[in-house]
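Notes follow once the structure below has been shown.
The values are calculated or read from the model by the stated rules, or taken from the named source; none is laboratory data. Note that the coordinates shown come from a computational prediction; the quantities given were computed from them, not determined experimentally. Because the Cβ atoms are built from the backbone with ideal geometry, glycine has one as well, and the counts that use them run over all protein chains shown. With ligands, DNA and RNA removed, areas are computed over all heavy atoms of the protein, side chains included. Shrake-Rupley method; radii C 1.70, N 1.55, O 1.52, S 1.80 Å.
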Amino acid sequence: MELKTLGNFVAVFVVLLGTDAFNQQARGFDIESTTEPIESLSQQRLQQQWIGQQAEPIEISDIQISASDDEIEVVLKTAKGLLSAPITSINDRVFVADIENAVLVLPENEFVANSPAPGFEQVSATQIGPQQVRIEILGTEILPVVSAAMSSEGLTFSASAMTMSTGPMGEFRNEPSGESAEAETSSDQPAEGLRLIVTAEKRPEEVQAVPISLTAFSAEDIEDADISSLEQIAGATPNFSAYTPGRNFILYSIRGLSNFNFLSRDPAAFYVDNVPYDYTGFLDLDLSDLEQIEVLRGPQATLYGRNAQAGVVNIATRKPTNEPEYRLTTTLGNLISPEIRASASGPLIEDNLFFRLSGDFTQREGFLINTATGDDVDFESGGGARAQLLWQPSDNWDVLFNTSVNVYRDGTPPISRPDLGQDPSETDINAIGFNDLDTNTQALSVNYDGPSLRFTSITARRFSNQSFENDSDGTSLDQLEQFAAINSTSLSQELRLQSPEEDSPLSWLLGAYVENRDFNVDEEGFRIGADFGAPSESVTTAALNEETYAVFGQLSYRPVDPLTLTAGLRYEIFNSTLENSKSPALLGVTRFSDESNNGTELLPRFALEYEITPDVMAYGSIARGYRAQGVNFRAAVPEQLFFDEEQSWNYEVGLRSSWLEDRVTANLSLFHNPIEDYQVPSTDPATGLFGFVDNAGVTINGLEAELRARPVEGLDLTAGFGWLDATYTDYTDPVLGDFNGNRLTYSPDYTLNLAAQYRSTDGIFGRLEAQGVGTTFFDDANTLKQAPYILINARVGYEFRERQGLYLFANNLFDYRPLTTQASFFGGSLVPATYGAPASFGVQYRQQF
């Protein structure tokens, strides 16, 4: 297999066979068939001119179709004479072949076959001129790959339905369904009308046709940018930021809504292979063997539920293949020693049962040195493994079993004290911390794709367990330590019935969702040391059970070709019950048992999209989002037990467009998002730490713009920009005072991502990235902040013909260390902080075979 270059990307590879047959017959030879390719369109036309000199047109007396799996053969039979070589073209999902000097002699003088095989919508033959016949082969979702061969009996078209993945700029490489081999492609033109297929609205659609502010990454995007973490995904997405001070907790923000409030559920939904991932402390996993990433911004609650107020991150790993496939990536660097990612896939029973195994292991040296011992304290070590089994009992059914496990044994988060003049790379902590994280997942997905109905069932279980300790004051003084041991078990079941994937004016979806989550806090709290006053300990134990029941539906209707109207509705019931025990400093022990906070919510969504041209679509939408009410597991007094549900409306207009045969795509969205009862962690007067959840008024306005371009073959340019104005409109902290007009925490006023990438036909690869973040505040008082900054990443390499590549990389090239978190405890007497990673550089080797 060859490692393809960007110069080899086009939408389809069409091989027309028969050149020598014509040439030799013209010289007087009689040859029944040939396998030599027609080399160019000009040569086709020369042959048409030669055939056109024949006096009598060739009669097509019969057309036959044979099908197997996702391939068909269309045979045009003639009583006598050779048909001319067809002149071919493509139009969106249609392969077109025009045959000169031919006539149909069929009973109705035309031929139509609907849904001849999976992946094909229609095959037709029509007489479009006195001596011209047109053959059209229409794919269900994408353009089929077609070859043609001529013989003395007629002309045969062999067509294959293709699965699709994008190149970096919306260009495509096509792969036969169930296989991993890339089709050969020409390099003189971009993909024509083909775009990445996404499932943002739980049905396959071209990315540019989805009326949502959406950023999607193909498998090649992921490989070229070497994306393996949530932080890297955020860095290439407008209005999405992520901060990873350590694996024990990742802080993120999408459109200004962050998980700063760890006492309630996350504002965004995260899925890996359709499995919901709960709680931020369990999110920061190494991502490997990825096929596609979709980031949906804005409320997606109608289809995804309460955890999708800010948006949804859908991550899909590579699936089992019908052909043997092996991948290996190894990385060594100044901080990495080493990182290994590997996968193997293939058939257990050819065309029926397939497997895939993948895994990764990383050892990262720490970049925070304890000056007392000389040791790095924030090292990371661990990895994961995934096994998949795909069964296709028939053309319409897919059954996928997916299981994964992750085990990490890390050091302490890199806590420093900039207020005391500590260097970002140094600390002098007196208590060595740790972070242990273990997760495992099992999921069964059953899909039926029939001519009149589609059915999906996703059954999932996910277990996560985390234990950590850290010296929270970041000094050699015995002031403050934090510790926790938390585990969660989540069981979920989703069922969907949908209209078929055919291009119809009406599409619909009905679904149901059930989830049960047990969140157990074995212990969580703080130790106050002697250097801060009287030693004491605040410990919480809790058992929180959450149940979700939902039914949902969405209907899209196209009354006229340019206009599509969409309406969706979800009805959700959420129940939460708490039992806890808390021994806070100064207050003694308190206990709560069987405390419940339940509710229901209707979540509508309305969208309108108008196709100005086939490549330019404008849309507008109104969507309801919410975070459910709940019970505070840290509650020490009855007044701290309950918090209200958070509700919002999102008003959005946007434009999605592509130009110059997809060489340029440009997208823009503007949104207004007022929020009622925004859930914000508030200061416990007794401890000076966050102890309960308050509710506030918030307004968020913003825009997102994205541009992708391929000005010349091999050169790809990407740009993204997000702007935000996310402010409190009604909030007063019980201890710290009035915060009206202040910006929300972890919501930078802008994000910026730029990338330039070049891949030559002789294997040279180069990529330069810039990722910028605007002013970011870390507290509601807006006293702790990080000024705007830009990080630069670079990558160069050489790609060998046998799908191998050797690369040199440098991340954070200029070694800028921005603040990623900063917190103030006890009235500002403690101000610990964490910094971003320093410059890292190294070498990476990849091979696929």
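Among the residues of segment 531-558, count how many are out of contact with any Gly (no Cβ under 8 Å at 6 or more places or on another chain), open to solvent by less than 60 Å² (accessible area, probe 1.4 Å), under 30 Å from Leu510 (Cβ atoms) and of a type outside the set (D, E, K, R).
Total satisfying the criteria: 2.
Report, by residue number, each residue of segment 727-736 that is part of a strand (DSSP E or B), open to solvent by 70 Å² or more (accessible area, probe 1.4 Å) and of a type in the set (Val, Ile, Thr).
Thr729, Thr732
Looking at (1) within 30 Å of Asp419 (Cβ to Cβ); (2) in contact (Cβ under 8 Å) with a residue 40 or more places away in the chain, which one does Ala512 not meet, given that it meets all the others?
(1)
Can you list residue pairs whose Cβ atoms sit under 6 Å apart, with the first residue in segment 705-726 being in a loop (DSSP other than H, G, I, E, B) and the second being crowded, with 18+ Cβ neighbours inside 10 Å and hydrophobic (A, V, I, L, M, F, W, C)? Count only pairs 6 or more apart in sequence or on different chains.
Once the first residue is in a loop (DSSP other than H, G, I, E, B) and sits in segment 705-726, its partners that are crowded, with 18+ Cβ neighbours inside 10 Å and hydrophobic (A, V, I, L, M, F, W, C) give Arg710/Met169; Gly714/Leu6.
Any idea how many residues of segment 177-227 are at pLDDT 50 or above and more than 26 Å from Ser343 (Cβ to Cβ)?
Filtering segment 177-227 down to residues at pLDDT 50 or above leaves 195-227.
Add one more test, that the residue is more than 26 Å from Ser343 (Cβ to Cβ), and what stays is 195, 201-203, 205-206, 208-214.
Here the count works out to 13.
Is at least one residue of segment 135-143 in a loop (DSSP other than H, G, I, E, B), free of Cβ contacts under 8 Å to residues at least 60 places away in the same chain and either touching a helix residue (DSSP H, G or I) at 6+ places or on another chain (Cβ under 7 Å) or open to solvent by less than 30 Å² (accessible area, probe 1.4 Å) (or both)?
Yes; the residues of segment 135-143 include at least one that is in a loop (DSSP other than H, G, I, E, B), free of Cβ contacts under 8 Å to residues at least 60 places away in the same chain and either touching a helix residue (DSSP H, G or I) at 6+ places or on another chain (Cβ under 7 Å) or open to solvent by less than 30 Å² (accessible area, probe 1.4 Å) (or both).
Restricting to segment 606-640, count the residues that are crowded, with 20+ Cβ neighbours inside 10 Å and farther than 23 Å from Ala726 by Cα.
Taking segment 606-640 first, the residues crowded, with 20+ Cβ neighbours inside 10 Å are 607, 609, 617, 619, 621, 623-636, 640.
Among the residues that remain, those that are also farther than 23 Å from Ala726 by Cα are: 607, 609, 617, 619, 630-636, 640.
Matching residues across segment 606-640 total 12.
Test Gly568 against the criterion of being of a type in the set (Gly, Ala, Ser), closer than 24 Å to Asp471 by Cβ, open to solvent by less than 70 Å² (accessible area, probe 1.4 Å) and part of a strand (DSSP E or B), and give yes or no.
Judged against the criteria, Gly568 is not a match.
Looking at Thr590, Thr566 in this structure, which one is touching a Pro at 6+ places or on another chain (Cβ under 8 Å) and modelled with pLDDT of 95 or more?
Residue meeting the stated conditions: Thr566.
Give, as residue ranges, the strands (runs of 3 or more DSSP E) completely inside segment 275-367 that count at least 3 residues that are more than 19 Å from the chain's Cα centre (by Cα) and closer than 23 Å to Gly805 by Cβ.
Passing ranges, in order: 325-333, 336-349, 353-364.
Yes or no, residue by residue, for (1) open to solvent by less than 30 Å² (accessible area, probe 1.4 Å); (2) part of a loop (DSSP other than H, G, I, E, B); (3) in contact with a strand residue (DSSP E or B) (Cβ under 9 Å, 6 or more places away or on another chain); (4) not hydrophobic (A, V, I, L, M, F, W, C):
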| residue | (1), (2), (3), (4) |
| --- | --- |
| Asn402 | yes, no, yes, yes |
| Asn406 | yes, no, yes, yes |
| Asp419 | no, no, yes, yes |
| Pro424 | no, yes, yes, yes |
| Asn430 | no, yes, yes, yes |
| Gln442 | no, no, yes, yes |
| Pro451 | no, yes, yes, yes |
| Phe455 | no, no, yes, no |
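Please enumerate the residues belonging to segment 256-269 that are open to solvent by 10 Å² or more (accessible area, probe 1.4 Å) and at pLDDT 90 or above.
The answer is none; no residue qualifies.
Would you point out which residue out of Ser536, Ser504 is closer than 30 Å to Asn114 by Cα and without any contact (Cβ under 8 Å) to a residue 60 or more places away in the chain?
When all the criteria are applied, what remains is Ser504.
List pairs: first in segment 813-828 and without any contact (Cβ under 8 Å) to a residue 40 or more places away in the chain, second of a type in the set (A, V, I, L, M, F, W, C), Cβ under 7 Å, 6+ apart or cross-chain?
Going by the 7 Å Cβ cut-off, the qualifying pairs are Leu813/Ile792; Leu813/Ala794; Leu813/Ala839; Phe814/Ile792; Asp815/Ala839; Tyr816/Leu791.
Are any residues in segment 542-563 β-branched (Val, Ile, Thr) and either in contact with a Phe, Trp or Tyr (Cβ under 7 Å, 6 or more places away or on another chain) or under 18 Å from Val631 (Cα atoms) (or both), and if so, which ones?
Thr548, Val551
Can you find even one residue in segment 818-834 that is open to solvent by 30 Å² or more (accessible area, probe 1.4 Å), within 23 Å of Phe721 (Cα to Cα) and touching a Phe, Trp or Tyr at 6+ places or on another chain (Cβ under 8 Å)?
No; the residues of segment 818-834 include none that is open to solvent by 30 Å² or more (accessible area, probe 1.4 Å), within 23 Å of Phe721 (Cα to Cα) and touching a Phe, Trp or Tyr at 6+ places or on another chain (Cβ under 8 Å).
Could you give every pair whose Cβ atoms fall below 9 Å, whose first residue belongs to segment 94-119 and is open to solvent by less than 30 Å² (accessible area, probe 1.4 Å), and whose second residue is among the basic types (Lys, Arg) and at pLDDT 90 or above, counting only separations of at least 6 or pairs across chains?
Every condition considered, the pairs that remain are Val96/Arg134; Ala97/Arg134; Asp98/Arg134; Ile99/Arg134.
If only one of Asn673, Asn695, Asn650 is in a strand (DSSP E or B), in contact (Cβ under 8 Å) with a residue 12 or more places away in the chain and surrounded by fewer than 23 Cβ atoms within 10 Å (Cβ to Cβ), which one is it?
Among Asn673, Asn695, Asn650, only Asn695 is in a strand (DSSP E or B), in contact (Cβ under 8 Å) with a residue 12 or more places away in the chain and surrounded by fewer than 23 Cβ atoms within 10 Å (Cβ to Cβ).
Could you check Thr373 against (1) under 20 Å from Asp221 (Cα atoms); (2) assigned to a loop (DSSP other than H, G, I, E, B); (3) hydroxyl-bearing (Ser, Thr, Tyr) and say which number it fails?
Just one mismatch for Thr373, condition (1).
Which condition number does Gly246 fail, the rest of (1) within 30 Å of Glu676 (Cβ to Cβ); (2) open to solvent by less than 20 Å² (accessible area, probe 1.4 Å) being met?
(1)
Tell me which residues, restricted to segment 383-400, are surrounded by 16 or more Cβ atoms within 10 Å (Cβ to Cβ) and over 23 Å from the mean Cα position of the chain (by Cα).
Matches in segment 383-400: Trp391, Gln392.
Which condition number does Gly154 fail, the rest of (1) open to solvent by less than 20 Å² (accessible area, probe 1.4 Å); (2) at pLDDT below 65 being met?
(2)
Can you report the number of residues in segment 359-373 which are farther than 19 Å from Thr475 by Cβ and not basic (Lys, Arg)?
The initial filter retains those residues of segment 359-373 that are farther than 19 Å from Thr475 by Cβ, namely 359-365.
Then drop every residue that is not not basic (Lys, Arg), which leaves 359-363, 365.
The qualifying residues number 6.
Residues of segment 204-214 being under 15 Å from the mean Cα position of the chain (by Cα) and surrounded by 22 or more Cβ atoms within 10 Å (Cβ to Cβ), which ones?
Val207, Val210, Ile212, Ser213, Leu214
Restrict the check to segment 495-513 and report whether at least one residue is part of a strand (DSSP E or B), acidic (Asp, Glu) and surrounded by 15 or more Cβ atoms within 10 Å (Cβ to Cβ).
The answer is no, given that none of the residues of segment 495-513 is part of a strand (DSSP E or B), acidic (Asp, Glu) and surrounded by 15 or more Cβ atoms within 10 Å (Cβ to Cβ).
Can you name every residue in segment 52-77 that is open to solvent by less than 50 Å² (accessible area, probe 1.4 Å) and within 50 Å of the chain's Cα centre (by Cα)?
Hits for segment 52-77 are Ile60, Ile63, Asp70, Ile72, Val74, Val75, Leu76.
Which condition number in (1) modelled with pLDDT under 90; (2) part of a strand (DSSP E or B); (3) closer than 30 Å to Ser452 by Cβ; (4) open to solvent by 40 Å² or more (accessible area, probe 1.4 Å) is the one that Thr126 fails?
If we test Thr126 against (1) modelled with pLDDT under 90; (2) part of a strand (DSSP E or B); (3) closer than 30 Å to Ser452 by Cβ; (4) open to solvent by 40 Å² or more (accessible area, probe 1.4 Å), just (1) comes out false.
If we scan segment 439-460, do we find a residue that is out of contact with any Gly (no Cβ under 6 Å at 6 or more places or on another chain), under 12 Å from Phe526 (Cα atoms) and among the polar types (S, T, N, Q)?
no
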